[in-house]
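Shown next, in C-alpha cells, is the structure this report addresses.
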Amino acid sequence: MKGVRGLIPFCLAGLITACTATVAPPVPPTLEDTCNAGQYGDLIGQDATALEKVLILGPVRVIRPGDAVTQDFRPNRINFGIDAENRISDISCG
C-alpha cells in the first residue's frame, strides 16, 4: 500500500503536465523586407482583384477574414491581408 500512495502524486503530476496546452513560439519579428513586400505597398487600399494584375515571382499567401492561417514562418513569402470590404489592408513577410 505504501508503494501505491507514493505513485499517486507522481501520476497526478503527469496528468496535469499532459493536460496543459502547448503554446507555439511567437513568430520572429521581420526586421527587414526579406520578401520584397515594400515594392507592393501601393496596393494597400486597392481592391483584392488588383493582385490579379501583378506578377509576383515567389511564394504568396492571401489571407481573408476568417481564413485559417498556418503558423509556419517563411521569410521569403509575401502575405496580403484582405479586409471585410475585399480591399488589401496590409502586406507583410512570413
Taking protein heavy atoms only, a 1.4 Å probe, and rounding to whole percent, the accessible area of segment 34-94 owed to carbon and sulfur comes out at 50
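Just subtract the alpha-carbon distance of THR49 and GLU85 from 0.36 nm times their residue separation and send over the number in nm, one decimal. Walk me through the numbers on the way to the answer.
Working: separation 36, 0.36 × 36 = 12.96 nm, distance 1.19 nm.
Result: 11.8 nm gained on full extension.
So between ILE56 and ASP33, what do we pick up on full extension, going 0.36 nm a residue minus the alpha carbon distance?
Details: separation 23, 0.36 × 23 = 8.28 nm, distance 1.51 nm.
Here the answer is 6.8 nm.
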Amide H neighbours of ASN79 at under 5 Å, excluding residues fewer than 5 places away on the same chain, with H built from the backbone geometry, are ARG61, SER92, CYS93, GLY94
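The values are calculated or read from the model by the stated rules, or taken from the named source; none is laboratory data. This structure is a prediction, so every number in the text was calculated from the model and none was measured. Protein only, heavy atoms only, side chains kept; ligands, DNA and RNA dropped before computing areas. Shrake-Rupley method; radii C 1.70, N 1.55, O 1.52, S 1.80 Å.
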